[in-house]
1. Please arrange Phe231, Phe73 by accessible surface area, largest first, computed with a 1.4 Å probe and ligands excluded.
2. Run the numbers on region 151-282 and let me know its relative contact order in percent, using alpha-carbon pairs under 8 Å that are six or more apart.
3. Name the residues of region 46-89 whose amide N is less than 16 Å from a point 7 angstrom out from the Cα of Ile233 along the C-beta direction?
4. Could you sort Lys114, Lys4 by accessible area so the largest value comes first, with the probe set to 1.4 Å?
5. Could you work out how much longer the chain between Trp277 and Leu85 gets when fully extended? Use 0.36 nm per residue separation minus the Cα distance between them, nm to one decimal.
6. Dipole size in debye (nearest 20) for the chain around its Cα centre, Lys and Arg Cβ +1, Asp and Glu Cβ -1?
7. Measure nothing but the geometry: give the 0 to 90° angle between the long axis through the Cα atoms of 82-117 and the longest principal axis through the Cα atoms of the chain, rounded to 10°.
8. Subtracting the Cα-Cα distance from 0.36 nm times the residue separation, let me have the gained length for Asn376 to Val401 in nm, one decimal.
Amino acid sequence: MSRKWLSNFTLAGTIRLLLMNSEYQKIIGNRVEVSTALNSWKRVTEGVYLHEIGIDPYQGDLFHETPIGLYFFNFVQKNLPRWALFLLFVVTDLATAVCLALTAKHYAIELTTKRKREKIHNEGTLGDGVSSTSALYVCAGYLFNPFTILNCVGLTTTVFTNLLCSIVLVSMTRRSTLWSCASIALLTLQGLYPVSLMVPATIYVANATKEKRTGIITMLIVFTGILAMLFAISYCIIGGWSFLRSTIGFILTVPDLRPNIGLYWYFFTEMFEHFRWLFIASFQINVSLLYIVPLALRLRRDPMLLAFSYLAIAAIFKSYPCIGDVGFYISLLPLWKHLFQHMQQGFIVGCFVLFCTVFAPTVWHQWIYSRSANANFYFGVSLAFAIAQIFLLTDILFASVKHEFAVQHGINKKVNGNEAKLLLE
């Protein structure tokens, strides 16, 4: 098993370093599917330079990282040569895979303990050795996912965001209040939408304490205190609150309408200006508020699946998504391999994703360079990609409902002597 782990990490790191040192690195880094206004390394470099010469990088519409990120990236660019910069991104990506593997191991042990506690040993449920295999599959799913590889090779800051997200997940499974709140606060300061991860993290911590109310209050107080401290540090670095307009304000108001794999840019390009704020409110409520309470009520007994759902919804409906966000939550799918037998749309989703991955750069070339297509073609591919992700998420959620029914009533069911199939209509 150790040889498998070592070979996986070595091969994954080699692939990333080879691509980074090839002629394809700049091409990948400039792709709209990889780099957006929020995670582009080119924008980071320009923002750091403006800060160095005494110009506020948040005055224009160029730099959208947090002041803490500005301080970190300034240190990186000053002290690391180009080869060390590449190595930093690769090591960060490998560290993310390690955190996800630990998350998978803890979650699988949690499910196994739950099954033993409920004295359920039906066929198709988790068995011996599931913790190690789940960890290996999740780790390999992240290391060799084409989306995460391109995300790392393109030198996007989503690499560091994914690391923070993985720390959130492993901290939740360890019931760590401090680490969960600190990582979620950093993500909230940077991207706003990950604040929803406080719900599954709070459920984990509350279930581990004797007084659930005390655990909930503690989580809220620690999270609020850390977030306030981060805002204060950001204010001290910049000397004002100008960064709010270029970070959280930029995400909420969506002023940059350059194409990406999301749904915002096309809608707001075609829309009349006097309807803009109505649709901005509708879109932002959809991604940030609409699903939090219903999903929390339904998935309160499985907070890891709840966290996965929040991550998937944010990756689909956020203002400036990229394939790095999609690759991160897709790599978590082996956590629910016990649900695969109940899924019905895997083939359709796989074909959709493959189709969109191939045709997105093709249609982009036809639109921008050949001028034989227009924005409708590229948005059609983006819309199909979003639909595929929605199908994937709903299929996983329906499969979890079917699995609960099968666990309670038995998996092997026969009707009139024939094998029955459970369908939700």
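The values are calculated or read from the model by the stated rules, or taken from the named source; none is laboratory data. A quick note: this is a predicted structure, and the numbers were derived from the prediction, not measured. Heads up, the Cβs are rebuilt from the backbone with ideal geometry, glycines too, and the neighbour counts pull from every protein chain shown. Areas reflect the complete protein model, heavy atoms only, side chains present, ligands, DNA and RNA absent. Shrake-Rupley method; radii C 1.70, N 1.55, O 1.52, S 1.80 Å.
1. Values: Phe231 50, Phe73 10 Å².
These residues rank, largest area first, as Phe231, Phe73.
2. 18 percent
3. Residues passing the 16 Å test: 65-76.
4. Details: Lys114 55, Lys4 115 Å².
Largest to smallest exposure gives the sequence Lys4, Lys114.
5. On the way: separation 192, 0.36 × 192 = 69.12 nm, distance 4.03 nm.
Full-extension gain reported as 65.1 nm.
6. Values: 33 positive and 22 negative charges, 244 e Å.
In debye, rounded to 20, the chain gives about 1180.
7. Helix 82-117 sits at roughly 20 degrees to that axis.
8. Values: separation 25, 0.36 × 25 = 9.00 nm, distance 3.71 nm.
Full extension from Asn376 to Val401 adds 5.3 nm.
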